[in-house]
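Quick notes on the structure that follows.
The values are calculated or read from the model by the stated rules, or taken from the named source; none is laboratory data. Quick caveat, the model's predicted, so the values are computed rather than measured. All Cβ positions, glycine included, derive from the backbone under ideal geometry; neighbour counts span all protein chains shown. Quick note on the areas: whole protein, heavy atoms, side chains included, nothing else; ligands and nucleic acids left out. Shrake-Rupley method; radii C 1.70, N 1.55, O 1.52, S 1.80 Å.
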Amino acid sequence: MRQLSEDYGAERAVSDGSAAGAERAPERGVVSIRGVSKVYDNGFQALRRVDLEIRRGEIFALLGPNGAGKTTLIGIVCGIVNASEGQVLAAGHDVVRDYRAARAKIGLVPQELTTEAFETVWATVSYSRGLFGKPPNPAYIEQVLKSLSLWEKRNNRMMSLSGGMKRRVLIAKALSHEPEILFLDEPTAGVDVELRRDMWRLVRSLRETGVTVILTTHYIEEAEEMADRIGVINRGKIILVEDKNVLMRKLGEKRLILHLQEPLERIPPELGGYRLSLASGGVELIYTYDAQAERTGITSLLHDLNAAGVRFNDLRTQQSSLEEIFVNLVREEA
Amino acid sequence: MNFYSVRAIYGYEMSRMWRTLLQSVVSPVISTSLYFVVFGSAIGSRITEVDGVSYGAFIVPGLIMLMLLTQSVSNASFGIYFPRFSGTIYEVLSAPVSYFEVVLGYVGAAASKSIILGLIILGTASLFVPLEIQHPLWMLLFLVLTALTFSLLGFIIGIWADGFEKLQLVPLLVITPLTFLGGTFYSIDMLPPFWQKITLLNPVLYLISGFRWSFYGIADVSVAVSLATILVFLGICLALVAWIFKTGYRLKA
Ligand SMILES: Nc1ncnc2c1ncn2[C@@H]1O[C@H](COP(=O)(O)OP(=O)(O)O)[C@@H](O)[C@H]1O
Ligand SMILES: [Mg+2]
């Protein structure tokens, strides 16, 4: 999997957090984050004025490298971390002032596998439902356990379960009180392929029942596979929020860079039909194309270059990195 | 008030007691019995009576208090420290429960356990020595108030502690010595005047004295002072817990 481990230099690219402004809906989303910052006690600023609107019923992926602030942001929404400034509404309720109403609607699957070793699966999931203030409903718990292939394990103690099974139990706990909003913090980190497939299936079926799902990941593929929309966070800033399809199209772009024998002052008009640009004082001609498309247009471009008398002595291709996409995005919106 | 939430926390904590029955019930009973054998028989053969009560019977209220204090503190501190340590506290923090409900669940369970234990030890003691309880309602009141107060103290310690050492430090270095020096095994009349004055600074003395009074009608200090002491303690602990939750101290980043 491609991993967003590199730092995309978003700081440089984005002068203020409103880069994602085009996405801001006039009415507030099912989760509405406004101007949220977090400075930890040791002085580290983990979030910088984050604005984010999650639409009801969507699957939203928060994509960012380790340390970007994803878990911190989720923690603030769920009441585990105190925000230093800003406001969060969940299902229309302020998560601080009206925490009871807000939290009753939220389910959280944490990043870490934290479980009580000696409890049985059934007991720990039933406990979660009670803790969230709901009367017992064994039929519903049974349904949740079955949907997660946990029913056979219901009388097993947590410590006897594998990591993947524990992850399932954490999901069952988060679903036990029938939340409208589900947070999955790195749900597939360290999880086998089978569970990953199960998880993706589950998330889609949850969406069909109207649950809004927000998941964090540092795998681009995961965001691509599951999400309707993707938000990218880096160094505590949301640097873009985009429809998955639009973002993936941009991610799929590659560039062919031709080193010319003679510098060009401008692109010859015969080549106007291609997405071309000049760089390095005209010695580099750059052709941008969709690497995933059936026809890249490279063959015909080379033919037309020849016909136009443009000669080159070297060529290479370059995948557009996330960084470049962000830089371009910001430029376009500025 | 969120009834299901409190019941969930309380029930979860109590279920730990059944799961670890041996550790949580049997071992305090055995150690208390040992105290009876050692102190009651060995010393009791030399000190026959204190204030007209046989020595074996005299030490029963103190022993119950000793157990009540240490068990309340260790149960409650462990009950909240463990989820912090393992990370499962995230669920409580993200649940739609008020701080009061969280405390009610955790502290209520820890106090219930110590009260049950206290009564078991009382029963055990009655096998060794003849007991009389002159003021049973007062006895229960002291039992419940002490269990509650020290469970609250344990809860605070469990939140303050950032390692297992600290978790054991307070019971070991504070509670046990104060109880031993607070007249569990003697009446302060038996001490020289200087040490009597020092002992009067020990708050646990007032608890034991009041508790013993509810059994035999004899006390080192007046019952009103004993009751006031425990209520002041309770107030301090409640204020501390309120502050902890208001600021999220050691619970929230
Ligand atoms: N309790 C804390 N105290 C100080 N710094 C913290 C704390 N928790 C997280 N951080 C820091 O905040 C940054 C963001 O962390 P986190 O939200 O966990 O990132 P992510 O989930 O995107 O990997 C990291 O640099 C991390 O080291
Ligand atoms: Mg994280």
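Residues of the range B:226-253 losing 20 Å² or more of accessible surface, assembly versus chain alone, probe 1.4 Å, please list them.
B:Lys252, B:Ala253
With just the Cα atoms of the range B:169-253, tell me how far they stretch along each of the three principal axes, in Å, largest first.
52, 26, 21
Restricting to chain A, what percent of DSSP beta bridges are antiparallel, rounded to 5?
Numbers: 39 of 57 bridges.
Restricted to chain A, the bridges split so that about 70 percent are antiparallel.
Can you order the peptides A:36-45, B:80-89, B:23-32 by their average number of other Cβ atoms within 10 Å per residue, highest first?
On the way: A:36-45: 13.4, B:80-89: 18.4, B:23-32: 15.2.
Most protected by this proxy first, the peptides run B:80-89, B:23-32, A:36-45.
Quick one: what does P(r) look like for the range B:1-40 with 5 Å bins over all Cα pairs, in whole %?
With 5 Å bins starting at 0, P(r) equals 6, 21, 15, 13, 13, 10, 9, 6, 4, 2.
Over chain A, with every protein chain in place, what whole percent of the accessible area is carbon and sulfur at 1.4 Å, could you tell me?
Working: 7230 of 15390 Å².
Solvent-exposed carbon and sulfur of chain A make up 47 percent of the total.
Pop out the ³J(HN,Hα) list for the range B:118-129 in order, Karplus 6.51 cos²θ - 1.76 cosθ + 1.60 with θ = phi - 60°, rounded to Hz; leave Gly and Pro as x.
Coupling constants for the range B:118-129: x, 5, 4, 5, 4, x, 4, 4, 5, 6, 8, 9 Hz.
Rounded to the nearest 0.05, what FRET efficiency is calculated for B:Leu131 and B:Leu201 with R0 set to 30 Å and r the Cβ-Cβ distance? Could you put the intermediate results ahead of the total?
Working: r = 30 Å, r/R0 = 1.00.
In this case the efficiency is close to 0.50.
Name the residue farthest towards the positive end of the dipole of the protein assembly as shown from the options B:Leu140, B:Ile159, A:Thr288, assuming +1 on Cβ of Lys and Arg, -1 on Cβ of Asp and Glu, about the Cα centre.
Most positive-ward Cα: B:Leu140.
Among A:Leu47, A:Leu145, A:Leu315, which one shows the biggest mean-square fluctuation in a GNM of chain A, springs joining Cα atoms closer than 10 Å?
A:Leu315
Expressed as a whole number of Å, what is the distance separating the alpha-carbon centroids of the range A:29-89 and the range B:130-196?
Result: 45 Å between the Cα centres.
With the crude spin-label approximation of a point 7 Å out along Cα→Cβ, what separation in nm comes out for A:Ser280 versus B:Met190?
Going from the A:Ser280 label point to the B:Met190 one covers 9.6 nm.
Per residue, how many Å² of accessible area does the range B:3-247 show with a 1.4 Å probe? Could the numbers behind the result be given before it?
On the way: 10360 Å² over 245 residues.
In whole numbers, the range B:3-247 has 42 Å² accessible per residue.
Would you calculate a helix-derived [θ] at 222 nm for chain A, using -39,500 (n - 2.57) for each DSSP H run of n ≥ 4 and dividing by the full residue count, to the nearest 500? Before the final figure, lay out the partial values.
Numbers: 11 runs with 107 residues, N = 334.
Helix-only estimate at 222 nm: -9500 deg cm²/dmol.
Each label point is 7 Å from the Cα along the Cα-to-Cβ direction; what then is the distance between the points at A:Gln319 and A:Asn137, in nm?
4.5 nm
For B:80-90, what's the mean count of beta carbons from other chains sitting within 10 Å of each residue's beta carbon? Present the calculation step by step, with values, prior to reporting the outcome.
On the way: counts 0, 0, 1, 2, 0, 1, 5, 6, 8, 2, 9.
That works out to 3 on average.
Under the definition of partner shielding as Cβ atoms of other protein chains within 10 Å of a residue Cβ, what is the mean value for peptide B:94-105?
Per-residue shielding by partner chains comes out at 5.
What pairs in A:Lys38/B:Lys246; A:Lys153/A:Lys173; B:Lys113/B:Lys252 have C-alpha atoms more than 26 Å from each other?
Working: A:Lys38/B:Lys246 18 Å; A:Lys153/A:Lys173 14 Å; B:Lys113/B:Lys252 28 Å.
The pairs that break the limit, which is 26 Å between Cα atoms, are B:Lys113/B:Lys252.
Mind checking which of A:Glu85, A:Glu270, A:Glu53 has the largest fluctuation in a GNM of chain A, springs on alpha carbons under 10 Å?
Highest fluctuation of the listed residues: A:Glu270.
Between A:Ile257 and A:Tyr40, how high is the FRET efficiency from 1/(1 + (r/R0)^6) when r is the Cβ-Cβ distance and R₀ = 45 Å? Nearest 0.05.
Working: r = 43 Å, r/R0 = 0.95.
Efficiency computed from Cβ-Cβ geometry: 0.55.
Can you work out the base-10 log of I(q)/I(0) for the range A:12-167 at q = 0.17 1/Å, using the Debye formula on its C-alpha atoms alone?
Rounded to two decimals, the profile gives -1.11.
Just to be sure I understand the model, the point goes 7 Å from the Cα along the line to the Cβ. What's the resulting A:Arg49 to B:Arg7 distance in nm?
4.9 nm
Taking only the alpha carbons of chain B, what extent do you get along each of the three principal axes, in Å, biggest first?
Principal-axis extents of chain B (Cα, largest first): 58, 36, 34 Å.
With springs only between Cα atoms under 10 Å, which of A:Ala189, A:Ala102, A:Ala61 fluctuates most in a Gaussian network model of chain A?
Of the options given, A:Ala189 has the highest mean-square fluctuation.
Considering only protein heavy atoms and a probe of 1.4 Å, how much of the accessible area of chain B is carbon and sulfur, as a whole percent?
On the way: 7820 of 10820 Å².
For chain B, the apolar C and S fraction of the accessible surface comes to 72 percent.
What is the calculated FRET efficiency for A:Glu27 to B:Ala253, with r their C-beta to C-beta distance and R₀ = 30 Å, to the nearest 0.05?
Working: r = 31 Å, r/R0 = 1.04.
That pair, A:Glu27 with B:Ala253, gives E of 0.45.
Kirkwood Rh, Cα Rg: Rg to Rh for chain A? Mind dumping the intermediate values first?
Working: Rg = 23.9 Å, Rh = 22.2 Å.
Looking at chain A, the ratio lands at 1.08.
Just the number, please: buried accessible area between B and A, total of both chains, 1.4 angstrom probe, nearest 100 square angstrom. If you can, show how the numbers build up before the last one.
Details: alone 12200 and 16700 Å², together 26210 Å².
Separately minus together, B and A give about 2700 Å² buried.
Give me a single rounded figure for A:124-132: the average over its residues of other chain Cβ atoms within 10 Å of their Cβ. Before the final figure, lay out the partial values.
Numbers: counts 3, 0, 3, 6, 3, 2, 12, 17, 9.
Mean partner shielding for this stretch: 6.
Count neighbours as other Cβ atoms within 10 Å of each site's Cβ, and list the trypsin sites (Lys or Arg not before Pro) in the range A:251-324 that are DSSP loop with at most 11 such neighbours. Write out the running numbers ahead of the final one.
Working: sites: A:Lys254, A:Arg255, A:Arg266, A:Arg275, A:Arg295, A:Arg311, A:Arg316; in loops: A:Arg266, A:Arg275, A:Arg295, A:Arg311.
Sparse-neighbourhood loop trypsin sites (Lys or Arg not before Pro): A:Arg266, A:Arg295, A:Arg311.
With a cut-off of at most 13 other beta carbons within 10 Å, and DSSP calling the residue loop, which chymotrypsin sites (Phe, Trp or Tyr not before Pro) in the range B:197-253 qualify? Please list them. Provide the component values of the computation, followed by the final result.
On the way: sites: B:Tyr206, B:Phe211, B:Trp213, B:Phe215, B:Tyr216, B:Phe233, B:Trp243, B:Phe245, B:Tyr249; in loops: B:Tyr249.
Listed in order of number, the matching sites are B:Tyr249.
Taking the range B:1-54, which trypsin sites (Lys or Arg not before Pro) meet the DSSP loop condition and have no more than 12 other C-beta atoms within 10 Å? Show your work: numbers first, answer last.
Values: sites: B:Arg7, B:Arg16, B:Arg19, B:Arg46; in loops: B:Arg46.
Of the trypsin sites (Lys or Arg not before Pro), the ones in loops of the range B:1-54 whose Cβ has at most 12 other Cβ atoms within 10 Å are B:Arg46.
Identify the residues of the range B:175-201 with backbone N under 13 Å of a label point that sits 7 angstrom from the Cα of B:Ile236 along the Cα-to-Cβ direction, or state none.
Hits in the range B:175-201 for B:Ile236 at 13 Å: B:175, B:201.
So in the protein assembly as shown, what percent of DSSP beta bridges are antiparallel if you round to the nearest 5? Walk me through the intermediate numbers first.
Details: 41 of 59 bridges.
Around 70 percent antiparallel, to the nearest 5.
Name the residues of the range B:1-48 whose accessible area, probed at 1.4 Å, falls by at least 40 Å² once all protein chains are in place instead of their chain on its own?
At a threshold of 40 Å² (probe 1.4 Å), the residues of the range B:1-48 that become less exposed are B:Tyr4, B:Ala8, B:Tyr12, B:Arg19.
Have a look at the protein assembly as shown and give its Rg and Dmax from the Cα atoms, expressed in angstrom.
So, for the protein assembly as shown, Rg and Dmax equal 33.1, 121 Å respectively.
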